[in-house]
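Please read the structure below before turning to the comments.
The values are calculated or read from the model by the stated rules, or taken from the named source; none is laboratory data. Bear in mind that the values here come from a model prediction, so they are computed numbers and not experimental data. Positions of Cβ are backbone-derived with ideal geometry, glycine not excepted, and every protein chain shown enters the neighbour counts. Please note that ligands, DNA and RNA were not included when accessible areas were found on the heavy atoms of the full protein model with its side chains. Shrake-Rupley method; radii C 1.70, N 1.55, O 1.52, S 1.80 Å.
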Amino acid sequence: PRVGETDWGENRLLLTKEAQAILDEHNTYLDGLSTKFSPMTFPPTDWPSVLSPYLDPMQSFRVPLVKKVWSKDAQRQIDKALDTGSMKSCVDAINIIQSVPLTINDYIASAIRWAGDTSPSAGMRWRKLKKYPNLDPVIVPPKPNTKDMVAQGLDKRQRQIRHKDYNRKLKRKSERSAGLRLLGQTLHECETLTGWDFYLPHQFDKRGRLYHTSYFGHHNADYIRACFLFANKTPVAGHEQFLFLQLANTYGKGGGSEDISKRSLDGRMEWVEEAGEKIYAAGKDFSTDEAFAFWSCADE
């Protein structure tokens, strides 16, 4: 098509819908071939290591202790700190964190899969959940053509609205694609790791912060963070009050006018006692209408 506001304009090549669909399919396939570091089902190698926490030499060379260090001088300072032992406390900390065994919370993983069911009978449950990926299909109109809009009699303000609407829908479509991809990857990792103890190798960034190397980890969306449990469990008898307070803080307004998390400590404890049966029902079977109506309203 010929586009542009002047008589000169410019010519652009556009793909047919069929060609665009084929290109999108191939791009999705190529995205899947990009390097994605995964959790380990064996304890990671401690830092500092000649390689990295990963046991595969070809993979480990891609995982430095401090990632994205572009300056050679900075890398020399890091190497010197490791040699002299001045980074020992930091290295000890990262080794402790990455040596903690984790397991998949099967109940949460099942709830995530159930909530994301896009079949007509499911009733689009994800719409009621805060911070869950938006799975609504997005239809993006053709890109607005200024010359055509002028010919239609649209003024400048109306043309701006048309452009903003196009950009907004284009962004939503991109976010939906990214959300679907992340959701699929998360459920695949949960399925693969179910029944295993696993570990998350960690790295520093240039600021000294710690991040897990694998894309599947607790530094991600809330629904992904909820998939993790500590493998080494211990009874919480005598410490239930901390769980009760967390329940109240997490529930928040819960679709009502009062924010439960703003109550006094005693007030939050009382709310947990009052809502105890509903809380227990949500933890027993998330899929019943009564349980979903309760837990889907929570702020977090």
Subject >> the range 24-133: relative contact order as a whole-number percent, Cα under 8 Å and 6+ apart >> reply: 16
**OP:** Calculate what fraction, in whole %, of the accessible area of the range 70-138 sits on carbon and sulfur atoms when a 1.4 Å probe is rolled over the protein chains.
**Re:** 58
Original post:
For the range 47-122, what does the alpha-carbon gyration tensor say about shape, rounded, prolate or oblate, given a ≥ b ≥ c as the root eigenvalues, a/c under 1.5 as rounded, and a/b over b/c as prolate?
Top reply: prolate
**OP:** Measure out, as a whole number of angstrom, how far apart the alpha-carbon centroids of the range 214-273 and the range 78-112 sit.
**Re:** 24
**OP:** Could you pull out every one of the lysines with an alpha carbon less than 23 Å from that of LYS147, ignoring same-chain neighbours closer than 8 positions?
**Re:** LYS156, LYS164, LYS169
**OP:** Let me know the charge dipole size of the chain about its Cα centre in debye, to the nearest 20, where only the beta-carbon of Lys, Arg (+1) and Asp, Glu (-1) is charged.
**Re:** 1500
**OP:** Could I get the Rg over Rh figure for the range 76-193? Both from C-alpha atoms, Rh via Kirkwood, rounded to two places.
**Re:** 1.26
**OP:** Determine the shape class of the range 69-111: with a ≥ b ≥ c the square roots of the Cα gyration tensor eigenvalues, call it rounded for a/c under 1.5, and otherwise prolate if a/b is greater than b/c, oblate otherwise.
**Re:** oblate
**OP:** Specify whether the C-alpha gyration tensor of the range 148-217 places it in the rounded, prolate or oblate class, a ≥ b ≥ c being the square roots of the eigenvalues: rounded for a/c under 1.5, otherwise prolate if a/b is larger than b/c and oblate if not.
**Re:** oblate
Subject >> Stretchable slack from GLN246 to GLU274, in nm (0.36 nm times residue separation minus alpha-carbon distance) >> reply: 8.6 nm
Original post:
For the range 80-135, what D do you get in µm² per second when you plug the Kirkwood radius from alpha-carbon pairs into Stokes-Einstein at 10 °C and 1.306 mPa s?
Top reply: 105
Original post:
What do you get for Rg/Rh of the range 131-253 when both radii come from the Cα atoms and Rh is the Kirkwood radius?
Top reply: 1.19
Original post:
Where in the range 83-116 is the amide nitrogen less than 16 Å from a point lying 7 Å along the Cα-to-Cβ axis of THR194?
Top reply: 103-116
Original post:
How much mean residue ellipticity at 222 nm does the chain get from its helices, if each DSSP H run of length 4 or more adds -39500 (n - 2.57) and you divide by all residues, to the nearest 500 deg cm²/dmol?
Top reply: -14500 deg cm²/dmol
Original post:
Which whole-number percent is the relative contact order of the range 148-300 (Cα, under 8 Å, 6+ apart)?
Top reply: 13
**OP:** Obtain the nm distance between the two label points defined at SER99 and SER257 by a simple spin-label model: each point lies 7 Å from its Cα along the Cα-to-C-beta direction.
**Re:** 5.5
Original post:
List the aspartates and glutamates whose alpha-carbon lies under 20 Å from that of LYS233, not counting same-chain residues fewer than 8 positions away?
Top reply: ASP106, ASP197
Original post:
For GLN160 and SER177 in the same chain, what is the full-extension length gain: residue separation times 0.36 nm, less their Cα-Cα distance, in nm?
Top reply: 3.5 nm
Original post:
What helices does the chain hold that run 27 Å or longer along their axis, going by alpha-carbon atoms, with a Kyte-Doolittle average of 1.0 or more, using DSSP H for the helix calls?
Top reply: none
Original post:
If the chain between ALA281 and ALA74 were fully stretched, how many nm would it gain, using 0.36 nm times the residue separation less the Cα-Cα distance?
Top reply: 69.1 nm
**OP:** Just list whichever of LYS88/LYS206; LYS68/LYS173; LYS68/LYS131; LYS171/LYS253 have alpha carbons separated by over 23 Å in the model shown.
**Re:** LYS68/LYS173; LYS68/LYS131; LYS171/LYS253
Subject >> Normalised contact order of the chain, rounded percent, pairs of Cα under 8 Å and 6 or more residues apart >> reply: 22
Subject >> Simple spin-label estimate for ALA221 and LEU51 in nanometres, 7 Å along Cα-Cβ >> reply: 3.4
Original post:
Can you pull the three principal axis extents for the Cα set of the chain, in Å, largest first?
Top reply: 75, 59, 35
Subject >> Estimated translational D of the range 228-284 in µm²/s (Stokes, Kirkwood radius over Cα pairs; 20 °C; 1.002 mPa s) >> reply: 173
**OP:** Please find the FRET efficiency linking GLU300 to LEU15, where r is the Cβ-Cβ separation and R0 is fixed at 45 Å, and quote it to the nearest 0.05.
**Re:** 0.60
